[in-house]
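One structure below.
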Amino acid sequence: MTQNAPESAGNIVKFQISSNFTDYAVELSAGVVDFRYYENVLTNSVTATATCVETGYQADDKGGAAGKQSTVDGLPIRGGERTDITIEDAYGGQLTFEEGLYVNRLRDVDAGTSKDVYFIDFASREFFANEQTRVVKKYEGNIGDNVEKILKDVLKVTSDIEIDNTAVPYNFIGNDRKPFYICTWLASKSIPDAATEDGKSEIGGAAGYLFFQTRDGYHFRSIDKIFTGEPKKKFIFNNSTQLPEGYDAKILTCDIDSDVDVGKNLMMGMYNNRSIFFDPLAFNYEVRSFPKAEVPQVEGDIVVDEIPTEDEYLEKTQNAAEEPVGKLIPDEFRQSPTRFMSFITDNGVMPSGIDSQEQLNTGVVRKQKIILMLKKLCHNL
């Protein structure tokens, strides 16, 4: 690999679309003029788009369409066709989709007298399986283990699955919801764990996971652990055609949203907010304010744990920004809460156990463990 070679177009080595009805397949590598592959940590499936220009193909003795027709009519392409793709870059590295991509959409077909131009949108097999399956049964215990069960048992995922260990158990019922929805919903409830000196596990960071797919498989990753992990590759965005030493590739386009809307941020409670959490199991409520640690004087049973100050919070959490946004606005916009939120916790809603007595016993023990873990986390912060 030549580090300082200028960027150049890759070579589509293989682009084979297989028929849904026969063993026939069409090689379209010569007709694909543009191919774009997308991975996104905020989406559950990889996607791709190909721009095809062709003058038709001639049928051979193995079957397929008779006469000179386009692939759209000759194969034909009606959606769901498996496509095997291999792309080679200028450095000799290859991008291969082992399990193939599947046609999701055929669009903007421009059929002419001498050539046809059309676009094909692709998605992974799991994208289609997600629409055809539902999560039904009850799951208990570790969230990460249950996510793996859903991916393997419900979606029938055969590729690699990477899951960061989760600390707090959570019981739930699928309620006929789609697997992607369940996994994304569980991501917001997951907290990473950390090993203690005595070999036990405890809460090791802030809540928040990402559930996404790459060509290597599925990932259920803690945001904190992603920020603190070692970089896999280094990319650079500059005006030079050369790749500087120490970088793996160049970023061709980069869009940064630099818009600022203080009014919208105030409505969202970005600078100062207050939340009330009602616990129906213990029949009390807890008031939490961010970033101030003061609790307002209100009547009723209030559970107040030690709340970290803003500086303590920012010091203990992992942030992608070099400078927290709260440091960039005047204090007059942060004097009092601009958003008030109330929540009902689901403590005691789904206890473990096969009968009522076992559920009562495990529910009480679980609540005591969670309270101790949360108090320890607040103390550490």
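The values are calculated or read from the model by the stated rules, or taken from the named source; none is laboratory data. Here the structure is a predicted model, which means the values were calculated and not measured. Quick reminder, even Gly has a Cβ in these numbers, built from the backbone with ideal geometry, and neighbours come from all protein chains shown.
A few comments on the model shown:
- Strands (runs of 3 or more DSSP E) (entirely within segment 80-196) containing at least 1 residues that are within 30 Å of GLY208 (Cα to Cα): 101-111, 116-123, 160-163, 193-195
- Among the residues of segment 105-134, the ones that are farther than 19 Å from ASP73 by Cβ and not charged (D, E, K, R) come to 9 in all.
- Residue check, THR71 among the β-branched types (Val, Ile, Thr), within 19 Å of ASP34 (Cβ to Cβ), at pLDDT below 80 and not assigned by TED's automatic domain parsing to the domain that holds HIS219: no
- Segment 125-145, residues that are of a type in the set (S, T, N, Q), closer than 16 Å to PHE220 by Cβ and either touching a Cys at 6+ places or on another chain (Cβ under 6 Å) or modelled with pLDDT of 95 or more (or both): ASN130
- Filter pass, PHE97 being assigned by TED's automatic domain parsing to the domain that holds ARG215 and under 20 Å from the mean Cα position of the chain (by Cα): no
- Of the residues in segment 121-137, not one is within 30 Å of SER352 (Cα to Cα), in contact with a strand residue (DSSP E or B) (Cβ under 6 Å, 6 or more places away or on another chain) and loosely packed, with under 15 Cβ neighbours inside 10 Å.
- Inclusion of PHE172 among residues that are in contact with a Leu (Cβ under 9 Å, 6 or more places away or on another chain), hydrophobic (A, V, I, L, M, F, W, C), over 19 Å from ASP216 (Cα atoms) and surrounded by fewer than 17 Cβ atoms within 10 Å (Cβ to Cβ) is not warranted.
- Residues in segment 74-100 that are touching a Lys or Arg at 6+ places or on another chain (Cβ under 8 Å) and modelled with pLDDT of 90 or more: GLY79, ASP84, ILE85, THR86.
- Every listed requirement among (1) in the same structural domain as THR51 (by TED's automatic domain parsing); (2) of a type in the set (S, T, N, Q); (3) within 18 Å of PHE220 (Cα to Cα) is met by SER159 save one, (1).
- When TYR247, TYR181, TYR218 are screened for being of a type in the set (Phe, Trp, Tyr), in contact with a helix residue (DSSP H, G or I) (Cβ under 7 Å, 6 or more places away or on another chain) and on the phi < 0 side of the Ramachandran plot, only TYR218 passes.
- Subset of segment 216-255 [outside any loop (DSSP other than H, G, I, E, B), within 29 Å of CYS183 (Cα to Cα), modelled with pLDDT of 85 or more and not aromatic (Phe, Trp, Tyr)]: GLY217, HIS219, ARG221, SER222, ILE223, ASP224, LYS225, ILE226
- Scanning segment 310-332 for any residue that is modelled with pLDDT under 85, touching a strand residue (DSSP E or B) at 6+ places or on another chain (Cβ under 9 Å) and of a type in the set (Lys, Arg) turns up nothing.
Conditions (1) surrounded by 18 or more Cβ atoms within 10 Å (Cβ to Cβ); (2) under 30 Å from LYS189 (Cα atoms); (3) within 17 Å of the chain's Cα centre (by Cα); (4) without any contact (Cβ under 8 Å) to a residue 12 or more places away in the chain, marked per residue:
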| site | (1), (2), (3), (4) |
| --- | --- |
| LYS115 | no, no, no, no |
| GLU140 | no, yes, no, no |
| ASN146 | yes, yes, yes, no |
| VAL154 | yes, yes, no, no |
| ILE161 | no, yes, yes, no |
